[in-house]
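Here is the structure we will look at, set down as structure tokens.
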Amino acid sequence: MRSPTTNGEIWTEIDTVATTQAVAAKCLLDGSHIGVVYAHQQSAGKGRMGRTWISQQGDSLTFSLIFRAYSDHPKPYLVGMAVALAAAGVLHCQLRWPNDLVFGPLKVGGILTELLPDAQGRLVPVVGIGINLNQQGFPSEIAPIATSLSMARGGNYDPQLIAHRIVERLATLPEPANWSDLAPIWSIFDFTPGKRYKLPSGEEAVALGIGSEGQLLCSVDGESRAVLAAEALFA
């Protein structure tokens, strides 16, 4: 897989930012040669389904990857799922469809893929990554469902080192042209079956696995469904 720095794009490092995704969007419109936006601290990060992901300096890793090489990709969600694979390989954690990083039922990180326009009007996959690294506790509202790499594995972790390892690992992955390219590797990390999701219809479903196009296969009251969008429930 081609990384965000394949064609000589550079890293930019920011002390504090509202969201690295917003900076990446501006970089695309400005026509800059920035491929990675790394922030020491993020105050208004975005998660899937509009959730907020706030990170504190030294405790969390927050950065965004600009994949110009995959502009107008017909299946851009596969780019995000490939990034999830790279992160899981570095963290030695599991994956929950479509791109949650978990240790068993506890979430350690998440990945958000957005299609953002560049100066030529092409839609570029921009993948934001948020990972809990060194926290030793969480607010009561998320404590039952969250963990950090330090809590799960012990030790203390350098966010920049982890970021570089994730980007480097992308080069070891196959091209994300089809789900079949990624599926054998995903199966090694998969923790999707049995997870409960809310579908866009409002119905609750239980995950069965992942289909041939990377979609969620799930059961709703005993009826099988295949969906490309669903919100993981914390229950």
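Return a yes/no flag: does the stretch 128-147 have any residue that is within 27 Å of Leu78 (Cβ to Cβ), modelled with pLDDT of 95 or more and open to solvent by 60 Å² or more (accessible area, probe 1.4 Å). So far as the stretch 128-147 goes, no, none of its residues is within 27 Å of Leu78 (Cβ to Cβ), modelled with pLDDT of 95 or more and open to solvent by 60 Å² or more (accessible area, probe 1.4 Å).
Against the criterion of being modelled with pLDDT of 95 or more and open to solvent by 60 Å² or more (accessible area, probe 1.4 Å), Glu168 qualifies. Among all positions in the stretch 113-123, there is no residue which is buried (at least 24 other Cβ atoms within 10 Å of the Cβ) and of a type in the set (A, V, I, L, M, F, W, C).
Output yes when any residue across the stretch 150-160 is in contact with a Pro (Cβ under 9 Å, 6 or more places away or on another chain) and either surrounded by fewer than 18 Cβ atoms within 10 Å (Cβ to Cβ) or within 20 Å of Gly80 (Cα to Cα) (or both), and no when none is.
No, every residue in the stretch 150-160 fails to be in contact with a Pro (Cβ under 9 Å, 6 or more places away or on another chain) and either surrounded by fewer than 18 Cβ atoms within 10 Å (Cβ to Cβ) or within 20 Å of Gly80 (Cα to Cα) (or both).
Looking across the stretch 55-97, the residues that are within 17 Å of Pro125 (Cα to Cα), open to solvent by less than 20 Å² (accessible area, probe 1.4 Å) and either of a type in the set (Phe, Trp, Tyr) or in a loop (DSSP other than H, G, I, E, B) (or both) come down to Phe63, Phe67, Tyr70.
For the stretch 190-218, a residue qualifies if it is open to solvent by less than 30 Å² (accessible area, probe 1.4 Å), small (Gly, Ala, Ser) and more than 19 Å from Lys107 (Cα to Cα), and the qualifying residues are Ala205, Gly211, Gly214.
The values are calculated or read from the model by the stated rules, or taken from the named source; none is laboratory data. All figures in this text were calculated on a predicted structure; none of them were measured in a lab. Because the Cβ atoms are built from the backbone with ideal geometry, glycine has one as well, and the counts that use them run over all protein chains shown. Please note that ligands, DNA and RNA were not included when accessible areas were found on the heavy atoms of the full protein model with its side chains. Shrake-Rupley method; radii C 1.70, N 1.55, O 1.52, S 1.80 Å.
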